[in-house]
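This report concerns only the one structure given below.
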Amino acid sequence: MLNTILTWLFWIVVSCVLLICAYGYKSYGYWKRRGVPYEKPFFIFGNLGFVMRKSVWDYCYEFKDRHPRDYTGIFLGFKPALMVQTPELARRILTKDYEYFQDRFLYSGFSDPLGSLNLFTVKNPIWKNMRHELSPMFTALRLKSITELMNQNAVQLVDKIKRDYIDKKEDVNLKELFSMYTSDTVAYSVFGIRVSVLNDQPSPLWFITSNMVKWTFWRGLEFTLIFLMPAVATFLRLKFFSEAASDYIKKMFYNIANERKQMGQSNDKDLVNHLLKLKENLRLPADSSSQLADDLMLAQAAVFILGSIETSSTVLSYCLHELAYHPDEQQLLYEEVKAAKSKLGKEVLQYDDLMELKYLTACMNETMRKHTPVAYLDRICNQDYKLNDDLTIEKGVPVFVNVLALHYDERNFPEPTKWRPERFLYQPESDNLQYTFLPFGEGPRFCIGKRYGMMQIRAALAQLIVKYKLEPALPYPLGNDPYAVILAPADGGKIKFVPR
Ligand code: HEM
């Protein structure tokens, strides 16, 4: 009897292996059959063998040198995808032929409502409605009052540096420090929470974000699968936000909303009231549950946690590291901010003043060119698309725009590995330089939080540079965290703050 079972088991295993091999053989012939040059895949992993050994950023960086051509086939596991690397193809996919590429490829399953219903992950047709409802939260007028809140957090940032890294001589972890700052600004400007982790208080938002921004092996693997193998992530029920985190965010939001209702307070500076209004305005089918309206609203609040904390803290970390190694550029930035403060007679510069700081904007842009937080832009093809006479991209095939191939192209940016803010000094701020500069993406799905993110960085940089001289503390260049999906410095990054 045992023998018969073992024999059956043996043949089941052999058949499964043979089936997988046949499937792999057929899948891995996809690009060859279409005459498209492709990166040689390895069994099961396809071209994802690098995962957890090097960052997605480093993979994209090396890819452009390994495959210096307009487009190349790759395999995400067994799934064929296309990597494109020219400004013209970026323009067609992101903007001109958007109707063929409306959604992102990544996915966090339905068991994670905050992760799957937020503007970044949500698919059409819900996306269109959400983008329309959310856009008024990102106007220049709204950002002006939010800047006042950000400035208060930037003061706390300056104080923390003095307290911990100068007086107590502790080692700074730039990424952690700036994640505290961006977490506080989101807590303050979105949720109306006045408890600041930068002031060593038990911030409820930091309770969530500190776990999200720690790129442990498992967190890195979970995020990588959500971004690059969403079908596997859905099968394994992987999530951006755990159930506990979702419940916590919900409680936190309603505590504040109810408190305000009871006290008869209304505060239009942060976004609590606007999010409640968004919920009222949602046009959902009559049979939808009230849970869906709640989830949709909270998912949009959660987008600040996903979209803002990681990206802006990464830009600040790399920017400070570059400034520490570029004393001449640092001096120019210092003089610009100092001159603006003296001219305006203000201790803290406000929205309009910060927008005038051209050299500061150039430092930010050059950092985002060289250390682009999001290395590639993903879309999924939703109907067959004729790319040229040789290739039709089939429905269901993911297309990735390799942003690093554009940002590091000598023809667009001479000596691309050098950090030179001057490159951006005379460029209009919103210019994508003919699709060669895409740190915020492009087209209808470009980053809705671009101005919010830029202001978060401006407010912090403008206050830091007048208080501290920045000196190197680590070798140049800064390495990248191998587990991070969005670029992050290895071990957080470090510099020396010297009081001016
Ligand atoms: C320096 C800061 C930031 C960088 C570098 C950045 C970068 C990006 C990039 C590259 C995309 C993809 C665009 C595309 O696919 O074409 C994106 C999308 C998005 N970002 Fe940001 N981002 C930043 C700050 C923020 C902030 C502060 C928020 C806050 C709400 C935010 C929310 C979003 C959302 C919701 C999307 C998806 C938009 C849509 O699909 O309609 N981002 N961001």
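Annotations for the structure displayed:
- Length available on full extension from residue 159 to residue 248: 0.36 nm per residue minus the Cα-Cα distance, which gives 29.1 nm.
- Ranked by how many other Cβ atoms sit within 10 Å of their own Cβ, fewest first, the residues 476, 376 fall in the order 476, 376.
- For residue 409, no residue whose modelled amide H falls within less than 5 Å of its own remains once neighbours fewer than 5 places apart on the same chain are excluded.
- The angle separating the long axis of helix 2-27 from the principal Cα axis of greatest extent in the chain is about 70 degrees.
- Put the Cα centre of the range 237-302 next to the Cα centre of the range 415-490 and the gap is 31 Å.
- Estimated FRET transfer efficiency when R0 is 51 angstrom, pair residue 279-residue 391 (beta carbons, to 0.05): 0.70
- Packing-based exposure ordering (other Cβ within 10 Å, fewest first) of 185, 311, 86, 224: 86, 224, 311, 185
- Label point at residue 290 placed 7 Å out along Cα→Cβ; residues across the range 215-258 whose backbone nitrogen lies under 20 Å: 247-258
- FRET efficiency for residue 169 and residue 331, using Cβ-Cβ distance with R0 set to 25 Å, rounded to 0.05: 0.45
- Percent of alpha-carbon pairs separated by more than 15 Å within the range 380-444: 64 percent
- To the nearest ten degrees, helix 243-263 and the longest principal axis of the Cα atoms of the chain are 40 degrees apart.
- Segment residue 410-residue 473, extension gain: residue separation times 0.36 nm, minus the distance between their alpha carbons: 19.7 nm
- Of 386/450; 79/128; 251/279; 144/358; 269/358, pairs whose Cα-Cα distance is over 21 Å: 386/450; 79/128; 269/358
- Residue 200 sits among other residues whose Cβ lies under 10 Å from its own Cβ, and their net charge, with Lys and Arg +1 and Asp and Glu -1, is +1.
- Inter-site label distance for residue 258 and residue 21 at 7 Å from Cα along Cβ, in nm: 6.2 nm
- Extension gain from residue 430 to residue 145, taking 0.36 nm per residue of separation minus the Cα-Cα distance: 100.5 nm
- Residue among 151, 203, 235 farthest towards the positive dipole end of the range 143-289, charges placed on Cβ: 235
- Total charge dipole magnitude, the chain, about the Cα centre, Cβ charges on Lys, Arg, Asp, Glu only, Debye to nearest 20: 280 debye
- Once the Cα atoms are used to define both axes, helix 327-344 deviates from the longest principal axis of the chain by about 50 degrees.
- Between the listed residues 332, 41, 78, the Cα displaced farthest toward the positive end of the dipole of the chain, a dipole computed from Cβ unit charges relative to the Cα centre, is found at 78.
- Förster radius 45 Å - calculated FRET efficiency between residue 342 and residue 446 (Cβ-Cβ, nearest 0.05): 0.80
- For the range 270-358, average projected area of the Cα convex hull in nm²: 8.5 nm²
- Paramagnetic label zone (point 7 Å from Cα along Cα-to-C-beta, residue 65; backbone N under 17 Å) in the range 31-46: none
- Listed from fewest to most Cβ neighbours within 10 Å, the set 180, 1 follows the order 1, 180.
- Each of 61, 14, 380 was placed along the dipole of the chain (beta-carbon charges, centred on the mean Cα), and the one lying farthest toward the positive end is 14.
Quick note: the coordinates plus some simple rules give every number you see, no bench work behind them. Every value quoted in this text rests on a predicted model; they were computed, and no experiment measured them. Reconstructed Cβ throughout: ideal geometry from the backbone, glycine too, with neighbour counts over all protein chains shown.
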